[in-house]
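The structure under discussion appears below in the form of structure tokens.
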Amino acid sequence: MAGLAVSTALTAPAASASTATYPAQTVVVKDGSGSWLGGTLTFYGRSVGFDGNMRAVGCRRAWLSAYDAAGGSLGPRSSSTHCDAIVEVPTTLPADVVGGAAYVWVCLDDATAVHTACERRYAH
């Protein structure tokens, strides 16, 4: 009589759920008036989130823009102008290109939309 072949099925352990980690960094931009814009930039696949606050001494607004790897603007965003106030400044910048945003400019503007201070932050 022929022997019976016994096979044992190997099973892989169940995959655990994981949360994607996106690059995030703190940014603070200050100008000489005592105004500042500070918060966290989070680089997602096709957008960049900014969650922060702005202190306006005199009148200021927040201005942010994401750029692709070739230096092309992907669409700026700005807050309303605020005078002598501290306000929340949450925004999402479009970055709908392959690879997402390469970098973001974060600026404080005066009431006439002239940059008073800026910082550039890279995704990686």
Strands (runs of 3 or more DSSP E) (entirely within the range 49-124) containing at least 1 residues that are farther than 18 Å from THR26 by Cβ and hydrophobic (A, V, I, L, M, F, W, C): 73-78, 82-94
Qualifying residue in the range 76-95 (condition: at pLDDT below 95, loosely packed, with under 14 Cβ neighbours inside 10 Å and of a type in the set (Gly, Ala, Ser)): no
Hey, GLY99 surrounded by fewer than 20 Cβ atoms within 10 Å (Cβ to Cβ), in contact with a Gly (Cβ under 6 Å, 6 or more places away or on another chain) and among the small types (Gly, Ala, Ser) or not: no
Filtered residues of the range 75-90 (kept if of a type in the set (Val, Ile, Thr) and closer than 21 Å to THR112 by Cβ): THR81, VAL87, VAL89
Selection within the range 30-48 - part of a strand (DSSP E or B) and over 20 Å from ALA95 (Cβ atoms): LYS30, TRP36, GLY38
Any hit, the range 80-99, residues being closer than 24 Å to GLY32 by Cβ and among the polar types (S, T, N, Q): yes
Which numbered condition TRP105 misses (of (1) within 15 Å of the chain's Cα centre (by Cα); (2) without any contact (Cβ under 8 Å) to a residue 40 or more places away in the chain; (3) surrounded by fewer than 19 Cβ atoms within 10 Å (Cβ to Cβ)): (2)
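The values are calculated or read from the model by the stated rules, or taken from the named source; none is laboratory data. None of the values given here were measured: they were computed from a predicted structure. Neighbour counts are summed over all protein chains in view; Cβ atoms, including those assigned to glycine, are modelled from backbone coordinates with ideal geometry.
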